Amino acid sequence: MARRIDVTGAGGVRLAAWEFADPPKRDPDRPDPDHPDPQPGAPGVLLLHGLMGRASHWAATARRLAERHRAVALDQRGHGQSDKPPQAAYTRDAYVEDAEAAIEQLGLAPAVLIGHAMGALTAWQLAAKRPDLVRGLVICDMRASALGAASQREWADWFRTWPVPFTTLADVRKWFGEDDPRVERPNPARGAFYAEVMHECDDGWRPVFEPEQMLKSRETWVYDAHWEELAQVQCPALVVRALDGELGRAEAQEMVRVLPRGEYAEVPDAGHLAHYDQPEAWRAAVEPFLDAVLGD
């Protein structure tokens, strides 16, 4: 069962981190100078969700990792149970500084960062900025190329199609799993994914985030390419492509080439939410890399 630990992020924003196993217990009367608190003995892993996601989307992966490692998933600013102040910065720097603060305050360094979509971009930007904090990196279905203004307009238009408030969670699952114009064929896992980011309000079920904040977060990276930071990542890095996701094969392989220590893996029969809708195939793709980096 996950336990919550609050972290103070950039600008004092309170962030909810979720640890999926208790850290090793220490004798307070016998401090270990080689591993001072709060640094635990187990290798640290920080999991970063994508835009609109939340830490709970990593539950299956984190529980598996927690058998041998210290696995922590972070609700990023504006998401999950972390603070959502309307005037807070939703910039690239703020997201990166939040992840940096989580690693330092939780004693995870040097950590393996596992990121999905926007969380993967945060992960590789932090790895480029603070190589001392990161021992390995997993990038899941995130492009390094600029997406452009058309992509941002499409997202704004998509948010306006959401029939909020939803009457029930079953309605949430059905709309995102079947009725959403973006869905090519029924996808129950996608419906379940979005049901996890809803909460009950007086008039029905609404997202736990503000769509305007999501668009504000997104506009700070969609117009730019991010190859330069990718080339600055010094640690081993695995680029994971979902065959039906948003990252094309050619771009994924170019990302591997640009990364100084890049590797490549694919998750078959998976879309953008590969780690969530195909957990077994996802684990098969990433666990050999994690075992090598974490020394298992």
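The values are calculated or read from the model by the stated rules, or taken from the named source; none is laboratory data. The structure displayed is predicted, hence computed values, not measured ones. Here the Cβ is made from the backbone with ideal geometry for all residues, glycine too, and neighbour counts use every protein chain on show. SASA here: full protein model, heavy atoms, side chains in, ligands and nucleic acids out. Shrake-Rupley method; radii C 1.70, N 1.55, O 1.52, S 1.80 Å.
Observations on the model:
- Test: Ala270 is open to solvent by 30 Å² or more (accessible area, probe 1.4 Å), assigned to a loop (DSSP other than H, G, I, E, B) and either out of contact with any Lys or Arg (no Cβ under 7 Å at 6 or more places or on another chain) or of a type outside the set (Gly, Ala, Ser) (or both): no
- Selection from segment 168-224 of residues that are open to solvent by less than 20 Å² (accessible area, probe 1.4 Å), within 26 Å of Tyr95 (Cα to Cα) and among the small types (Gly, Ala, Ser): Ala195, Ser217
- From the list Val286, Val233, the one residue that fits, being in contact with a Leu (Cβ under 9 Å, 6 or more places away or on another chain), within 29 Å of Ser82 (Cβ to Cβ), open to solvent by less than 60 Å² (accessible area, probe 1.4 Å) and in a loop (DSSP other than H, G, I, E, B), is Val233.
- Filter result for Ala144 (part of a helix (DSSP H, G or I) and in contact (Cβ under 8 Å) with a residue 60 or more places away in the chain): no
- Residue match in segment 242-256 (condition: more than 24 Å from Pro186 (Cα to Cα), open to solvent by less than 30 Å² (accessible area, probe 1.4 Å) and outside any helix (DSSP H, G or I)): no
- Exclusive hit being within 25 Å of Leu238 (Cβ to Cβ) and buried (at least 23 other Cβ atoms within 10 Å of the Cβ), set Leu147, Leu133, Leu113: Leu113
Quick grid of which residues meet (1) over 24 Å from Asp269 (Cβ atoms); (2) outside any helix (DSSP H, G or I); (3) in contact (Cβ under 8 Å) with a residue 60 or more places away in the chain:
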{"residue": "Glu154", "(1), (2), (3)": "yes, no, no"}
{"residue": "Pro163", "(1), (2), (3)": "yes, yes, no"}
{"residue": "Lys174", "(1), (2), (3)": "no, no, no"}
{"residue": "Arg185", "(1), (2), (3)": "no, yes, no"}
{"residue": "Gly191", "(1), (2), (3)": "no, no, no"}
